[in-house]
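Everything below concerns the one structure shown next.
The values are calculated or read from the model by the stated rules, or taken from the named source; none is laboratory data. Bear in mind the structure is a predicted one, so any value in this text is a computation, not a measurement. Neighbour counts run over all protein chains shown; Cβ positions are idealised from the backbone, glycine included. What goes into the accessible areas is simple: the full protein's heavy atoms, side chains included, and nothing from ligands, DNA or RNA. Shrake-Rupley method; radii C 1.70, N 1.55, O 1.52, S 1.80 Å.
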Protein chains: 2
Amino acid sequence: MIIDVHGHYTTAPKALEDWRNRQVAAIKDPSQMPKAAELKISDDELRESIINNQLRIMKERGSDLTIFSPRASFMAHHIGDFSVSSTWAAICNELCHRVSKLFPQDFIGAAMLPQSPGIDPKTCIPELEKCVKEYGFVAINLNPDPTGGFWKSPPLTDRYWYPIYEKMVEFDIPAMVHVSTSCNACFHTTGAHYINADTTAVMQLIEGDLFKEFPALRFIIPHGGGAAPYHWGRYRGLAQALKKPLLREHLLKNVFFDTCVYHQPGIDLLTKVIPVDNILFASEMVGAVRGIDPETGHHFDDTKRYIEATLNLSAEDRHKIYEENARRVYPRLDAALKASGR
Amino acid sequence: MIIDVHGHYTTAPKALEDWRNRQVAAIKDPSQMPKAAELKISDDELRESIINNQLRIMKERGSDLTIFSPRASFMAHHIGDFSVSSTWAAICNELCHRVSKLFPQDFIGAAMLPQSPGIDPKTCIPELEKCVKEYGFVAINLNPDPTGGFWKSPPLTDRYWYPIYEKMVEFDIPAMVHVSTSCNACFHTTGAHYINADTTAVMQLIEGDLFKEFPALRFIIPHGGGAAPYHWGRYRGLAQALKKPLLREHLLKNVFFDTCVYHQPGIDLLTKVIPVDNILFASEMVGAVRGIDPETGHHFDDTKRYIEATLNLSAEDRHKIYEENARRVYPRLDAALKASGR
């Protein structure tokens, strides 16, 4: 089977955005704060938003299951305080949960966290626990920069983040390191902030020794690892200068890259440079880049075509990238699949 | 001949750093502020710092001329006010000028600017003019983030930067977009901040229409363009979504990438994805990554080896990357070379 580890609910019914707009507006006038219960989205509306979008495209392209999390750019952890983030995360996670119940063969959840700038990450634990225990989610998305482009949190290797990591290890779930929308005019959200965050996370993990502390911790760096694979020589050289072990030891037991790289030469590089055991199939569909590449006539984000076409992979390698690695990196996904005979 | 467009004076005599430390310390106690004239570095000291380092390595590796600018990580535009930056830039540029006079066959200057956070870029013009007119410098380094990792300046497409651009067009000089040291604990200087800045600059230029305003403006994006070539499909797709022309029209008449990518697969991707006319040979030697790659037995930053080894380039292509493109992008370099019969 083909597992896409990186899908967001970018196509939720408009009522969600309307509710969020009311919530944001009410930050200045708390008497207007909408209740979560005021958001009404029927199962039929959910079905329609999925059948016509993600599910249709999954069928067209031939992927079988998507690890599905709330829309990344809408997490917007910078908005309001913890209470605002908490309510918003609960709503968004619940919608992904409902999608996974409506389409149990096709979607399984990953949680957004109710992060808020400057707030202790341990405040995220109750939502995380609920998503894993009640919703059966198999992963979380962790935002290393809840300010949205101002980068005021400590690096991912700092003890600040340990409460999340302890819970990840306890539940045996990985985190995808994924920022949200950029509020900094310097950074285009999907063209700069996302990619920079990926690169930044990789370098933070190289600089630190986090995996000595948490040998079982696992991160997925999305968007093909940002700039890291393209500059793998630089990163190997910097690790060496920092007296770290080889990246294969120091990083690649715990860090995985997805295949959200939207052209053939990029996937060729990724699959040449990064060991096949560290690559996870993903498309981030329906996501940042929705158009058709005039050079190929196919969608930029139809990443399966690049995986199929690259000369760097054997059939066995492809099986790892499509399924085997995901089952290993997301053990709760593997368990859920096995429980339903897959 | 082989022109390396990206070299910094990273090996300056220690007296320079000592003077800088005194200057920085005196920010809190202006009575202790050292005069520029108190920095004494002899020609012999300059010669020694170059002959044993950059020049030795250039001879070993077979490059002929380096476009030489002050040490990027030491620009540190965030330190002090404009006056501090101004004195420091003048000192650093003068040293590069002296190196270029001592070794006129081997080095030609590019200026650092006396940028300072929040200060109008037009304050940089006198130093820029001096460097071009008196020192014969052929380019500038432009820092899009003088705060050192907090990104508070407007995007490069903003009118804020136009005074610099007008002068660049008047003098027909390009700018390398190059940040300095990171003061933000999230960003390792050479492993995250540099690469992120490159990616950010590319996306800013895609989002805007700067080259409609300044058709003759030219930027070099160092470090192989950050993440941009690896994610070229993403950038083509985002440009399309933003209703911009194809990147070949929209970006590549004015934007060039250097070859500071420190492994073979990276150079293979760069030379596959980016048109050969937009690639400029560079190594940033002696720079961020000084070690020997255990996988090859050669220095990571010996980028000429990768250019030689890639299957993507013809002899004519290599000539463009080594020399012809640099003469076109840096017309004052070409004029200086021709004036000396080269």
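Out of A:ALA192, A:ALA228, one residue alone is open to solvent by less than 10 Å² (accessible area, probe 1.4 Å) and facing another protein chain (nearest Cβ under 7 Å). It is A:ALA192. Just one of the listed residues (A:VAL177, A:VAL169) is surrounded by fewer than 20 Cβ atoms within 10 Å (Cβ to Cβ), aliphatic (A, V, I, L, M) and touching a Phe, Trp or Tyr at 6+ places or on another chain (Cβ under 8 Å), and it is A:VAL169.
Inclusion of A:PHE257 among residues that are under 27 Å from A:PRO331 (Cα atoms), in contact with a Gly (Cβ under 6 Å, 6 or more places away or on another chain) and either at pLDDT below 95 or more than 8 Å from chain B (Cβ to nearest Cβ) (or both) is warranted. From the list A:ALA326, A:ALA336, the lone residue that is over 30 Å from B:THR189 (Cβ atoms), among the hydrophobic types (A, V, I, L, M, F, W, C), in contact with a helix residue (DSSP H, G or I) (Cβ under 7 Å, 6 or more places away or on another chain) and away from every other protein chain (no Cβ under 12 Å) is A:ALA326. If only residues of segment A:154-166 that are out of contact with any Gly (no Cβ under 6 Å at 6 or more places or on another chain) and open to solvent by 10 Å² or more (accessible area, probe 1.4 Å) are counted, the one that is nearest to A:TRP88 (Cα to Cα) is A:PRO163.
Residue count for segment B:177-189 satisfying the condition of being more than 16 Å from B:LYS152 (Cα to Cα), at the interface with chain A (Cβ under 7 Å from one of its Cβ atoms) and under 20 Å from the mean Cα position of the chain (by Cα): 1. In the set (1) without any contact (Cβ under 8 Å) to a residue 12 or more places away in the chain; (2) within 17 Å of the chain's Cα centre (by Cα), the condition left unmet by B:PRO154 is number (2).
Applying the selection to segment B:260-282, what residues are within 12 Å of another protein chain (Cβ to nearest Cβ) and part of a loop (DSSP other than H, G, I, E, B)? Result: B:CYS260, B:VAL261, B:TYR262, B:HIS263, B:ILE274. The helices (runs of 4 or more DSSP H) located wholly in segment A:67-153 that include 2 or more residues which are more than 16 Å from A:PHE171 (Cα to Cα) and away from chain B (no Cβ under 14 Å) occupy A:72-75, A:82-102. Inside segment B:27-48, residues that are farther than 15 Å from B:SER86 by Cα, open to solvent by less than 70 Å² (accessible area, probe 1.4 Å) and in a loop (DSSP other than H, G, I, E, B) make up a count of 4. Residues in segment A:297-310 that are in contact with a Gly (Cβ under 9 Å, 6 or more places away or on another chain) and outside any helix (DSSP H, G or I) were compared, and the one that is nearest to A:SER73 (Cα to Cα) is A:ASP301. Looking across segment B:291-308, the residues that are within 13 Å of another protein chain (Cβ to nearest Cβ) and either farther than 19 Å from B:GLN54 by Cβ or modelled with pLDDT under 95 (or both) come down to B:ASP293, B:PRO294, B:GLU295, B:THR296, B:TYR306. Is it true that B:PHE137 is crowded, with 23+ Cβ neighbours inside 10 Å and touching a strand residue (DSSP E or B) at 6+ places or on another chain (Cβ under 9 Å)? For B:PHE137, the condition - crowded, with 23+ Cβ neighbours inside 10 Å and touching a strand residue (DSSP E or B) at 6+ places or on another chain (Cβ under 9 Å) - is met.
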